[in-house]
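Student: Pasting in a structure now, in structure tokens, and then I'll have a few things to ask.
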Amino acid sequence: SQKIEQNSEALNIQEGKTATLTCNYTNYSPAYLQWYRQDPGRGPVFLLLIRENEKEKRKERLKVTFDTTLKQSLFHITASQPADSATYLCALSEANNLFFGTGTRLTVIP
Amino acid sequence: DTAVSQTPKYLVTQMGNDKSIKCEQNLGHDTMYWYKQDSKKFLKIMFSYNNKELIINETVPNRFSPKSPDKAHLNLHINSLELGDSAVYFCASSQRLRDEQYFGPGTRLTVT
């Protein structure tokens, strides 16, 4: 069966450290992989998109990698801040649909 | 300016009723979507609508029907509401299928 798993439901990290979130998938062949941020009571907000032929994408303090052999994406937030605390969702684009992972709730501790 | 808006924000209704949720986007996008987010926060695609083509997730009961009066609107109509329909429903849009999506604020539906 198809699965998208994000490493842990919750992740706590000290301010200033790098947060690394993992997204693993099985039985998908995504052309794109996207990362979103969701704050409580709000809709997801798009962060980054990476294509299957790209290894890495960066945007300010954010970095995403995509390994189609390992079927894994890593999402990094460097110099993390309390304002980065949110739920982060990975999403696979396949067959013109977007399939979301279960999310990781990140808490950055001051 | 709100890019993707939904009304109402909260909807409380009884089992068996019929209700609609409205969605509008002012981004000029060609594609719109409806998602359901359950109590475990799992976000699941229900429909996508692109150039008048409707793609339906096969697991969605036919009590749910999207209606698009024009490219900027995609409303969700639900017949014979059930307790299990309680969830947060998100509308989203993108320029094309597979592009990044812009989500609305969500509609929290509670069926009693």
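Student: What does the structure give for A:91-102 when I average, per residue, the other chain Cβ atoms found within 10 Å of the residue Cβ?
Tutor: Working: counts 4, 0, 5, 1, 3, 8, 8, 12, 4, 7, 2, 4.
Mean inter-chain Cβ contacts per residue within 10 Å come to 5.
Student: Once you put a point 7 Å from the Cα of B:Asp38 and another 7 Å from the Cα of B:Lys52, both along the Cβ direction, what distance in nm separates them?
Tutor: About 3.6 nm, to one decimal.
Student: If you don't mind, there's one more thing I want to ask. Could you calculate, for the protein assembly as shown, the ratio of the Cα radius of gyration to the Kirkwood radius, expressed as Rg to Rh? Write down the numbers at each step before the final one.
Tutor: Working: Rg = 17.6 Å, Rh = 18.0 Å.
Taking Rg over the Kirkwood Rh, I get 0.97.
Student: What net charge do the residues around A:Phe66 carry, taking every other residue with its C-beta under 9 Å from that of A:Phe66, with Lys and Arg at +1 and Asp and Glu at -1?
Tutor: Working: positive: A:Arg51, A:Lys55, A:Lys57; negative: A:Glu52, A:Glu54, A:Glu56, A:Asp67.
That works out to -1.
Student: Could you tell me, in Å, what Rg and Dmax come out for the Cα atoms of chain B?
Tutor: According to the Cα coordinates of chain B, Rg and Dmax are 13.1, 37 Å.
Student: Contact order normalised by length for chain B, with contacts defined as Cα pairs under 8 Å and 6 or more residues apart; what percent is it? List each step's numbers first, then the result.
Tutor: Values: 265 pairs, mean separation 43.1, N = 112.
Across chain B, relative contact order equals 39 percent.
Student: I would also like to ask the following. Please report B:Met32, B:Met15, B:Met46 as a ranked list, fewest other C-beta atoms within 10 angstrom at the top and most at the bottom.
Tutor: Listing B:Met32, B:Met15, B:Met46 from fewest to most nearby Cβ atoms yields B:Met15, B:Met46, B:Met32.
Student: To the nearest whole number, what is the average tally of beta carbon atoms from other chains within 10 Å of the beta carbons of peptide B:27-38?
Tutor: Working: counts 0, 0, 0, 0, 1, 0, 2, 0, 4, 0, 5, 0.
Per-residue shielding by partner chains comes out at 1.
Student: With each pseudo-label sitting 7 Å past Cα toward Cβ, what's the A:Glu60-A:Glu94 distance in nm, one decimal?
Tutor: So the label points at A:Glu60 and A:Glu94 sit 3.2 nm apart.
Student: Taking the Cβ of B:Asp18 as the center, what net charge do the other residues with Cβ under 13 Å away carry, scoring Lys and Arg +1 and Asp and Glu -1? Could the numbers behind the result be given before it?
Tutor: Working: positive: B:Lys19, B:Arg63, B:Lys67; negative: B:Glu82, B:Asp85.
Once positives and negatives cancel, what remains is +1.
Student: Continuing with this model, one more query. For A:Asn27 and B:Gln14, what is the calculated FRET efficiency with R₀ set at 30 Å and r taken between the beta-carbons, to the nearest 0.05?
Tutor: 0.15
Student: Once you sort the root eigenvalues of the Cα gyration tensor of region A:21-110 as a ≥ b ≥ c, which label holds: rounded (a/c under 1.5), prolate (a/b larger than b/c) or oblate (the other case)?
Tutor: Working: a/c = 2.05, a/b = 1.50, b/c = 1.37.
Cα axes put region A:21-110 in the prolate bin.
Student: Can you tell me the relative contact order of chain A? Whole percent, Cα pairs under 8 Å, sequence separation 6 or more.
Tutor: Values: 271 pairs, mean separation 39.4, N = 110.
Relative contact order of chain A: 36 percent.
Student: Then there's this: Computed FRET efficiency, Cβ-Cβ of B:Asp30 and B:Asn62, R0 25 Å: what is it to the nearest 0.05?
Tutor: On the way: r = 25 Å, r/R0 = 1.02.
Computed FRET efficiency for B:Asp30 and B:Asn62: 0.50.
Student: Between beta-carbons, use under 12 Å as the cut-off and find the net charge around A:Phe75, counting Lys and Arg +1, Asp and Glu -1. Display every interim value, and only then the final one.
Tutor: On the way: positive: A:Arg37, A:Lys57, A:Arg58, A:Lys59, A:Arg61, A:Lys63; negative: A:Glu56, A:Asp84.
Every neighbour counted, the sum reads +4.
Student: At a Cα cut-off below 16 Å, give the aspartates and glutamates reachable from B:Lys22, other chains included and same-chain residues fewer than 8 away excluded.
Tutor: B:Asp70
Student: Could you tell me which of the pairs A:Lys63/B:Lys9; B:Lys36/B:Lys71; A:Lys17/A:Lys71 are separated by over 28 angstrom between their Cα atoms in the structure shown? Intermediate values should be presented prior to the final figure.
Tutor: Details: A:Lys63/B:Lys9 33 Å; B:Lys36/B:Lys71 21 Å; A:Lys17/A:Lys71 26 Å.
Exceeds cut-off: A:Lys63/B:Lys9.
Rule-based calculations on the coordinates, nothing more; no lab input. This is a predicted model, so every value here is computed, not measured. Here Cβ is always computed from backbone atoms with ideal geometry, including for glycine, and neighbour counts include all displayed protein chains.
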